[in-house]
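Let me begin by presenting the structure, written as structure tokens, before commenting on it.
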Amino acid sequence: MDSHIIEALTKIVGPDRLEVAAEELQCYSYDGTAQEYLPEAVAFPTSTEQISRIMALATRHGLPVVPRGAGSGMTGGSLPVAGGLVLALAGMNRILEIDQDNQLAIVEPGVITGNLRETLAPLGLYYPPDPASLKFCTLGGNVAECAGGPSAVKYGVTRDYVLGLEVVLADGRILTTGTQTRKGVVGYDLTRLFIGSEGTLGIITKIILRLTGLPTARRTFLLLFDDMSRAAGLVAHMLREHTPSTLEYLDHTALSLVADQLPCRLPETTRAMLLVEVDGDPQSVALQASRLDDFLDQHPEILARFQAENAEQVTDLWQARRAVSPAAFNLRPDKISEDVVVPRSKIPQLVACTEELSRRYGLPIFTFGHAGDGNIHVNIMLDREDGGEVERANRAKKELFREVIALHGTLSGEHGVGLTKAPFLDLELSETSLALQRQLKNLFDPLNILNPGKIF
Ligand SMILES: Cc1cc2nc3c(=O)[nH]c(=O)nc-3n(C[C@H](O)[C@H](O)[C@H](O)COP(=O)(O)OP(=O)(O)OC[C@H]3O[C@@H](n4cnc5c(N)ncnc54)[C@H](O)[C@@H]3O)c2cc1C
């Protein structure tokens, strides 16, 4: 990076807030994909005004700028593939306002998702989106990826809670979108355009979030099956009659990775598990749980079931669920993790397809995830040092994507396109759609300086 650009950046953010030392740059070169690209500099801005000046400078010099939250993305979104400047936004982490009467919060993008939820709880307020990374990911990253989590089956995903945004555009102009009201239809919905835009259209500097009342009670059930397709088959049926706040699925491999952390013993023939939760106020939870019990009584295909008796058992169940992803590395040193979605009724076909791919390509492939949304995490385990395995894994991934599209699904439910899914975009999007989206990108970022190399 030219020394005069470094000088100008230093003037904007101050000498302590710009890093060019190699060892510091390294810390901003990777994300959840295990790929690495070094930026040329990292800036730690503290205000919208500083970001606006940085973007105006970047436009003058054609400098690539990559916004970054916690760097926990799973598709390479925050990787500076074209070098340039990383805008590290985790320090802009103030909760600016909590409006209890109108149930909304205004936050800076670096607020950690879990911290907002913890701040809201004593006020009886709730921000539902709960990505498994909530203890470290940022709300800016959540908006940029439209993150979701287990509670999406009842509460929806990030996009359902964003009322408005403040965004710095590529040329430094500051745009506000949306409203602080529950309703609002004036003009095109630019807020939605930025949600899931992965840092390619603008830098999100403020977020207005809709909140709900905090659920004060919940009941958690564990259902065990001796056949995966039975578990998957029950999902669509259950959702026709019930509204659980969570409906998670683990196949037998995922289950075997965390079985010793569960608060109950599994029958030997267990091949799959559903984790079901209902929430609300104590009265409504009692009613929902009793209705669910009646429903489950009518399903002899459930091999065994268990209801958590206390908060400790609920915590154990969730810890086991969240431990699946890291425990996968006991199977192989590397994994390709895809977050495909199919219509819920097609989950059995998707699961059957992954089993077939695993057999055909001789690689462990296992599934778990948000069955209530049809959002299944497919994990292809491999050793990246082994060229044959890499090649087989990539072929399996492509076949998986084709099958997902054939089942009327989508390639990503929550992790976005980033770098890793970019080559597959045309499997899902038509030429017309792609052309329009490229035009939109060009309208917002004619010099292609905002997170270049991502999505398209
Ligand atoms: C263990 C683990 C579990 C996970 N579980 C889930 C899950 O359950 N559900 C889920 O949805 N995801 C999950 N993820 C993925 C990841 O945590 C989410 O995508 C999260 O939203 C990323 O937030 P981040 O702050 O880390 O963003 P980063 O990874 O830093 O950035 C992600 C993208 O957002 C852009 N970006 C970041 N901040 C801004 C901003 N202020 N303005 C514009 N663009 C910005 C970046 O350029 C990049 O394209 C998981 C990841 C891990 C490692």
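Computed from the coordinates by the stated procedures, all read-outs in this text should not be read as laboratory data. Predicted, not measured: the structure shown is a model, and the values here were computed from it. When we count neighbours, we look across all protein chains shown, and the Cβ atoms used for this are built from the backbone with ideal geometry, even at glycine.
Listed values, structure above:
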| read-out | value |
| --- | --- |
| Point-charge dipole on Cβ atoms (K/R +1, D/E -1) for the stretch 3-88, about Cα centre, debye to 20 | 340 |
| Residue order, fewest to most beta carbons within 10 Å, for Thr420, Thr367, Thr432 | Thr432, Thr420, Thr367 |
| Proximal lysines to Lys335, defined as alpha-carbon separation beneath 26 angstrom and excluding residues fewer than eight positions away on the same chain | Lys135, Lys346, Lys397, Lys398, Lys421, Lys454 |
| Relative contact order (%) - criterion: Cα under 8 Å, at least six apart; region: the stretch 95-213 | 32 |
| Nearest-ten-degree value, helix 282-297 long axis tilted from longest Cα axis of the chain | 50 |
| Point-charge dipole on Cβ atoms (K/R +1, D/E -1) for the stretch 331-423, about Cα centre, debye to 20 | 240 |
| In the stretch 375-407, GluC sites (Glu not before Pro) in a DSSP loop with at most 14 other beta-carbon atoms within 10 Å | Glu385 |
| About the Cα centre, charge dipole magnitude for the chain (Lys/Arg +1, Asp/Glu -1 at Cβ), debye | 800 |
| Unit charges at the beta carbon, dipole of the chain: most positive-side option, Thr420, Leu104, Thr246 | Leu104 |
| Alpha carbon centroid spacing (whole Å) that separates the stretch 57-90 from the stretch 133-207 | 18 |
| Rounded to whole Hz, the Karplus (6.51, -1.76, 1.60) HN-Hα couplings of the stretch 305-311, x for glycine and proline | 9, 9, 10, 4, 9, 8, 4 |
| Sorted by Cβ neighbour density within 10 Å, fewest at the top, the residues Glu145, Glu414, Glu431 | Glu431, Glu414, Glu145 |
| The chain: calculated mean residue ellipticity at 222 nm from DSSP helix runs of at least 4, using -39500 (n - 2.57) | -10500 deg cm²/dmol |
| Degrees separating the helix 347-361 axis from the principal Cα axis of the chain, which is the longest one | 80 |
| Residue exposure sequence - Lys346, Lys454, Lys11 - by fewest surrounding Cβ within 10 Å | Lys11, Lys346, Lys454 |
